[in-house]
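The structure appears right after this line, and notes come after that.
The values are calculated or read from the model by the stated rules, or taken from the named source; none is laboratory data. Because the structure is a prediction, the values reported are computed rather than measured. Positions of Cβ are backbone-derived with ideal geometry, glycine not excepted, and every protein chain shown enters the neighbour counts. Heavy atoms of the whole protein, side chains included, go into the accessibility calculation; ligands, DNA and RNA do not. Shrake-Rupley method; radii C 1.70, N 1.55, O 1.52, S 1.80 Å.
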Amino acid sequence: MPTLSAPALPTLPSNPAAPSNGADSLAYSFATSYAGVVAFIAVAAEGNFAKAGDRLGIGRSAVSRSVQKLEDQLGTRLFVRTTRSTSLTPEGERFYENCHPGVERIVQALDAMRDLRAGPPSGHLRVCSTVGFGRKVVAPLLHGFRARYPDIAVDLLLDDAPTDFTTDRIDVSFRNGRMEDSQVIAKQLIPMQMLVCASPAYAARRPLPRDIDELASHDCVNFRLASGRVFEWEFKVGGHLRKFTPPGMLAFNDADLVLQAVLDGHGIAQMAGYQVCEHLRAGRLVACLPQYAPDDRGHYLCFLSRQHLPSRMRAFIDYMTEQIRAQDLQILQSLLPRPA
């Protein structure tokens, strides 16, 4: 957790209100301040008392008093506070791990009840997407979504780095590739077709490769991932995954710049089908090696839980699923040779 300034507190006394053996723990928990638990969760999530107060809509001193009261009730110090830093104690870390899921479920339940009472979906959504897919596919659909649901405000954040739902307060995330994170719900929207393409002008100068091994002699345009690594081209050969590291002289960390370099005839690149399908149909690009395109990738809509989804999230998920699947973003089948 980040360490930020907060006033020091005196040593906490032992808690005389702790339940004795055989006492009703439910009655004891009833006496514990729920406001203090929420304040504690906010400080742990935000990293300091001032930001926690801003998030809760109360002053920093009120947050500090709520947390101190909770510590008094528990007889345990939850934060180490000095004149320069605030950090969780080992007991505080354990308390956060145990409390956070429960508080989150309470918040979701309250949101669900408010949505039921409020009628049409409303509120605020924070949506994250990979840069290329967000710019090309997601952003143009937001106008139609807002027209249908005018009471829902949407923030769209474009970032190729992995999504941190909790830290960044993301409600819904669009991700590409293979989903290996078992902590999130990943709903596949469409398959992600990866196609090697070049401009007709490049193909006229340099005959396009007919085999993966011939790629090494071509001018490859690379995409650099958020991690700094160059994206490896992947192919499916004989039912097995084969990776190729392109020896490119051009590299970009923006998928649209990779596409533009290929359209301008500077080389060949492996790009996602949603990027190139229109250009292939219009003849501005030509494809090669479609028979080796991998088939285990997808474009996914991700969120943390199916339980207690606010109606605004459910409306967004349903709308985007319907609209994206209705678009003609798949072209691989038309590129494959027809069986004799």
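Across the alpha-carbon set of the range 212-340, the Rg to Rh ratio works out to 1.02, Rh being the Kirkwood radius.
How do 180-186, 42-48, 216-222, 200-206 rank on mean C-beta neighbours within 10 Å, highest first?
Numbers: 180-186: 11.4, 42-48: 20.9, 216-222: 19.1, 200-206: 14.1.
So the peptides 180-186, 42-48, 216-222, 200-206, ranked by packing, come out 42-48, 216-222, 200-206, 180-186.
So I have [x] 146; [y] 119; [z] 194, and one of them is volume of the Cα convex hull per residue in Å³ calculated from this model. Which one is it? Computed from these coordinates, volume of the Cα convex hull per residue in Å³ corresponds to label [z]. Each part gets one Cα centre, and for the range 271-298 versus the range 42-71 those centres are 51 Å apart.
The overall shape of the range 199-285 is rounded: from the C-alpha gyration tensor, with semi-axes ordered a ≥ b ≥ c, the ratio a/c is less than 1.5. For residue 236, the aspartates and glutamates whose Cα falls under 14 Å of its own Cα, not counting residues fewer than eight places away in the same chain, are 211, 213, 295, 296.
Report, to one decimal in Å, the Kirkwood hydrodynamic radius for the range 28-118 based on all distinct Cα pairs. Intermediate values should be presented prior to the final figure.
Details: mean 1/r = 0.0730 Å⁻¹.
Answer for the range 28-118: a Kirkwood hydrodynamic radius of 13.7 Å.
Put simply, when 326-335, 246-255 are sorted by average Cβ atoms within 10 angstrom per residue, most first, you get 246-255, 326-335.
Calculated mean residue ellipticity, 222 nm, the chain: -11500 deg cm²/dmol, from DSSP H runs (n ≥ 4) at -39500 (n - 2.57) each, averaged per residue and rounded to 500. Probing with 1.4 Å while keeping every protein chain in the model, the per residue accessible area of the range 194-296 equals 48 Å².
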